[in-house]
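Colleague: Below: one structure in structure tokens.
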Amino acid sequence: MQEKKSYLFLCDQSTESECLQKLLVGTTQTNSLWAVTVTAGDVIYLFNYQTGVIRGPYVASSGADCHDPTAWGGKFPVQIRISRTPETRQSDNHRKDAPSFLRKRRPHHDLASNASELFSWIQQHGTPVE
């Protein structure tokens with residue numbers, strides 16, 4: 001059985017609403033090496049690096065592909081479809097108890113050892129996402 005991996009996708013104020021409306025996250029071709037390893041069932045978090053708001057966990061409902069060529073004006077063609085779960089919450093990295101890796105200017109995309117810390121923190125301090 002393949003282990004689920006956890007990934008952090010970044011957004012900003014101009015891309016966040018489209019991610020949430022379409023339940024789609026994406027990245028550029030140049031930044032796609034890690035994104036093409038995402039498979040359906042993997043855990044996804046969405047982090048707005050401008051506001052500090054993080055949402056998740058979502059579940060990847062697809063692998064990487066260009067699912068919607070018009071999304072974000074075509075700037076992010078490597079895309080993953082996501083689904084909400086009963087555990088999907090939101091919080092922000094300005095909280096004193098936020099995981100320290102969220103305070104980096106651009107946190108690493110593959111959460112690896114930070115995944116369980118992030119899941120526990122957002123479950124404890126996050127509010128449900130509708």
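Colleague: Which percentage, to the nearest 5, of the DSSP beta bridges contained in region 6-125 is antiparallel?
Modeller: Among the beta bridges of region 6-125, antiparallel pairing accounts for roughly 75 percent.
Colleague: If R0 is 41 Å, what FRET efficiency do you get for D68 and S120 from their C-beta distance, rounded to 0.05?
Modeller: Between D68 and S120 the formula returns 0.80.
Colleague: Just grab the label-to-label distance for R84 and L20, each label 7 Å out from Cα along the Cβ direction, in nm (one decimal).
Modeller: My value for the distance between the label points is 1.0 nm.
Colleague: Just one of [x] 13.5, 39; [y] 26.9, 94; [z] 16.9, 69 is Rg and Dmax of the Cα atoms in Å calculated from these coordinates, so which is it?
Modeller: [x]
Colleague: Next question, about the same structure. For region 1-79, which trypsin sites (Lys or Arg not before Pro) pass both filters: DSSP loop (anything but H, G, I, E, B) and at most 16 other C-beta atoms within 10 Å?
Modeller: K4, K75
Colleague: Right, something else. Mind sorting L111, L10 by how few other Cβ atoms lie within 10 Å of their own Cβ, fewest first?
Modeller: L10, L111
Colleague: Looking only at region 36-57, which residues have a backbone nitrogen under 11 Å from a spot 7 Å from the Cα of K96 in the C-beta direction?
Modeller: Within reach of a label on K96: no residues.
Colleague: Within region 61-77, whose backbone N sits under 12 Å from a point 7 Å along Cα→Cβ of A40?
Modeller: 61-64
Colleague: What's the lysine pair count for the chain at a Cα cut-off below 24 Å, pairs eight or more apart or interchain?
Modeller: Pairs that pass both the separation and distance tests number 6.
Colleague: What is the chain's relative contact order, in percent, from Cα pairs under 8 angstrom and six or more apart in sequence?
Modeller: Answer for the chain is 27 percent.
Rule-based calculations on the coordinates, nothing more; no lab input. In this text the structure is predicted, and so the values were computed from the model without any measurement. Neighbour counts are summed over all protein chains in view; Cβ atoms, including those assigned to glycine, are modelled from backbone coordinates with ideal geometry.
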